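The next block holds one structure in the form of structure tokens; read it before the comments.
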Amino acid sequence: MDLTHSPELLESSDVPVLSWKQSNFWLVTLFAVVLWGVLCRMLGAEWSVNEQYSYGWFVPAFAVYLFWLRWPDRPIRESGRGYLPGTSVRILLGAGAILLLLAWVPIRLFEVANPEWRPLEWVHALLALGLSLSLLWLAGGWPWLRYFAFPVAFVLVAVPWVTPIEVPIIQGLQHAVAIINTELMNLIGIPAQLEGSVIRLRTGLVGVNEACSGVRSLQTSIMAGLLFGELNRMNWRRRVGLLGAVVALAFVANVMRGGFLVWTAATKSIEAVDHVHDAAGLAVLGIVMVGTFALANVFRDRRQGVSSTESNGTRLRCIPAVGDGSLRKILIVALCWLVAVEIGVEAWYRLHEKGLLTTAQWSAQWPEKAPGYAKVKIDEMTRSTLRYDKGGGAMWRVGQSAAPETAQPQLNMDQGWLMYFFRWEPGQSSVLRARAHRPDVCFPNTGWRQTEDRGVKYYEAAPGLKLPFRHFGFIHSQGRSVKYAHAFFCLQADKVSARENPLAANNEVAGSSLGDWNIYDRIRMVREARRDLGQQVMEIVITTDREVGGEAAEAAFARELGALVQTK
């Protein structure tokens, strides 16, 4: 950074947009590219496969633009006497920055093995934010840190919400949209009945899925509201008002979209919804963006200034925490550290992958001759979310005789079976996609309530082959009609460590990425250096019209599984 400019020159209207020396400018730029580029590369997997976060690709560019807009009016750096934090404060802040750099190691190790782990994505984003703010403090002290904090923190709007927050919001929006549209249809004379997040019409069932819940337009509106608030340099009260207004606009627009789709299904056909679904979604996004622009003009304070000035109208001054020479050395060390960590993490996984063993190869055997067999159509939205390499779904009926010595109700001829099988080849970020189609996620969205989780058990699928399935129980009530379901879910990785040799442990297929989805499984994946090397999912659901015990359902599942698995 060039400190040869006098304060008078820097205060003039001819202040150059960039006053840093080239060496400092390119070091800072390279550091930011590495720091935020690694984060964006990891988040890009979800930005690509999850439609509700597709706006994330634009957020980094917006953040750079907002930073650029603030740069000409930044507080003036100067040398001389002024406020500097005490020695103890500087030591404390310096130690904090060092800890942030050290934390980069476990974050990257865990992230490679658990790319879909949203809490970790937030830790990574906050880590990058902390390092960026530390750099701002070193270069311009507290005035720079406060002045540039918003553009740097703006990237956080593209980080996916953690599941405990996102799922209740999605399900709440789905239910709210479904309720409102059911009432609207009945008001205009179209008979409609609500079943969870599904609306039953005379022409069929219309589901209010994740995309139709409006969460995508909600998240996009939050991003747009924050963006326009910053572009107009609103005070915090106006920004909060604008944010609330655009969120309300997004909800109303999505209710209108849902009403249009339900009306299309009722007056034309269920198939007609597919032809207008995407266009309606784009229309909602257009309404939100145009409406946000209009609302920003309403909330904008035309008297609001855009420069960093004191109350007397003069530019703020700041004294950097370190000199330019020291800042340059710090940047070089930090940049080398980030690059070394990336090389070390890649080496860790590559070295361990050399000793991995391939698990038993198998696929689904579709019971095409079973009574009532029919293929299940996978809608385009599900395809675009999962992006599996091959797979499908089917339903049929299975007869089951009662065991005389068992007092529990048994499955009978009226019960239906449903099976999904999806396969992802290695290197396709399949951990994220495979877990997007799970019973405990999908069933509650269609009006089912989870009643039990019986954990993982091994079932013999073929001579010498045992597969791990997780067993869930569900119930669905609609008036006097009550249905029950038992869902069995298997997620198997293609390769396992030598310690989990698939030929050992009673021929059980070990190394299932399913586990209990807890912190211990994730630590194990890092310790054993496992990342996405290909995997597949099998989900089998048994539906009954009377309550069936978990053991009876497991016995029926074990009897049928052999006919549903084909070994290679």
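The values are calculated or read from the model by the stated rules, or taken from the named source; none is laboratory data. Everything numeric in this text was worked out from a predicted model, so none of it was measured. Here the Cβ is made from the backbone with ideal geometry for all residues, glycine too, and neighbour counts use every protein chain on show. Note: areas computed on protein heavy atoms with side chains; ligands, DNA, RNA excluded. Shrake-Rupley method; radii C 1.70, N 1.55, O 1.52, S 1.80 Å.
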Within the bounds of region 263-271, is there any residue that is touching a strand residue (DSSP E or B) at 6+ places or on another chain (Cβ under 7 Å) and open to solvent by less than 20 Å² (accessible area, probe 1.4 Å)?
yes
Scanning region 214-253 residue by residue, the ones that are of a type in the set (Gly, Ala, Ser), out of contact with any Ser or Thr (no Cβ under 7 Å at 6 or more places or on another chain) and more than 19 Å from ASN50 (Cα to Cα) total 5
With respect to ARG383, determine if the residue is surrounded by 15 or more Cβ atoms within 10 Å (Cβ to Cβ) and within 30 Å of ALA272 (Cβ to Cβ).
no
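Residue-by-condition table, conditions (1) modelled with pLDDT under 85; (2) over 16 Å from SER217 (Cβ atoms); (3) of a type in the set (D, E, K, R):
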position	(1), (2), (3)
LEU231	no, yes, no
GLY244	no, no, no
ALA265	no, yes, no
GLU271	yes, yes, yes
ASP274	yes, yes, yes
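Would you pick out the residues in region 546-568 that are among the small types (Gly, Ala, Ser) and either open to solvent by 50 Å² or more (accessible area, probe 1.4 Å) or under 18 Å from GLY473 (Cβ atoms) (or both)?
We begin by selecting, within region 546-568, every residue among the small types (Gly, Ala, Ser); these are 549-550, 552-553, 555-556, 558, 562-563.
Across region 546-568, the qualifying residues are GLY549, GLY550, ALA552, ALA553, ALA555, ALA556, ALA558, ALA563.
Okay, residues lined up against (1) within 23 Å of PHE421 (Cα to Cα); (2) open to solvent by less than 20 Å² (accessible area, probe 1.4 Å):
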{"position": "THR446", "(1), (2)": "yes, no"}
{"position": "ASP453", "(1), (2)": "yes, no"}
{"position": "GLU460", "(1), (2)": "yes, no"}
{"position": "PRO463", "(1), (2)": "yes, no"}
{"position": "LEU467", "(1), (2)": "yes, yes"}
{"position": "HIS471", "(1), (2)": "yes, yes"}
{"position": "HIS476", "(1), (2)": "no, no"}
{"position": "GLY479", "(1), (2)": "no, no"}
{"position": "HIS486", "(1), (2)": "yes, yes"}
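VAL333 - would you say it is of a type outside the set (S, T, N, Q) and at pLDDT 90 or above? Walk me through how you get there before you give the answer.
Values: of a type outside the set (S, T, N, Q): yes; at pLDDT 90 or above: yes.
Here the answer is yes, as VAL333 does meet what is asked.
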I'd like the full set of residues that are within 22 Å of ALA529 (Cα to Cα) and in a loop (DSSP other than H, G, I, E, B), limited to region 352-368.
LYS354, GLY355, LEU356, THR359, ALA360, GLN361
Test for LEU327: is it modelled with pLDDT under 90, open to solvent by less than 40 Å² (accessible area, probe 1.4 Å), among the aliphatic types (A, V, I, L, M) and in contact with a strand residue (DSSP E or B) (Cβ under 8 Å, 6 or more places away or on another chain)
no
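Yes/no matrix, rows are residues, columns are (1) surrounded by 21 or more Cβ atoms within 10 Å (Cβ to Cβ); (2) among the charged types (D, E, K, R); (3) in contact with a strand residue (DSSP E or B) (Cβ under 9 Å, 6 or more places away or on another chain); (4) without any contact (Cβ under 8 Å) to a residue 24 or more places away in the chain:
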residue	(1), (2), (3), (4)
LEU100	no, no, no, no
LEU127	no, no, no, no
PHE150	no, no, no, no
ALA178	yes, no, yes, no
GLY189	no, no, no, yes
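One line per residue, one yes/no per condition, for (1) in contact with a Lys or Arg (Cβ under 9 Å, 6 or more places away or on another chain); (2) crowded, with 19+ Cβ neighbours inside 10 Å; (3) not hydrophobic (A, V, I, L, M, F, W, C):
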position: VAL159; (1), (2), (3): yes, yes, no
position: ARG202; (1), (2), (3): no, no, yes
position: MET223; (1), (2), (3): no, yes, no
position: LEU227; (1), (2), (3): no, yes, no
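Where residues in region 513-543 are among the polar types (S, T, N, Q) and at pLDDT 80 or above, which of them is farthest from GLY391 (Cα to Cα)?
Within region 513-543, the subset among the polar types (S, T, N, Q) is 513, 518, 535-536, 543.
The next check asks that each one be at pLDDT 80 or above; those that pass are 535-536, 543.
Working: GLN535: 12, GLN536: 9, THR543: 22 Å.
Only one residue fits best here, namely THR543.
Taking MET185, is it part of a loop (DSSP other than H, G, I, E, B), over 26 Å from HIS124 (Cα atoms) and in contact (Cβ under 8 Å) with a residue 40 or more places away in the chain? Reasoning before the result, please.
Values: part of a loop (DSSP other than H, G, I, E, B): no; over 26 Å from HIS124 (Cα atoms): yes; in contact (Cβ under 8 Å) with a residue 40 or more places away in the chain: yes.
No; evaluated as a whole, the condition is false for this residue.
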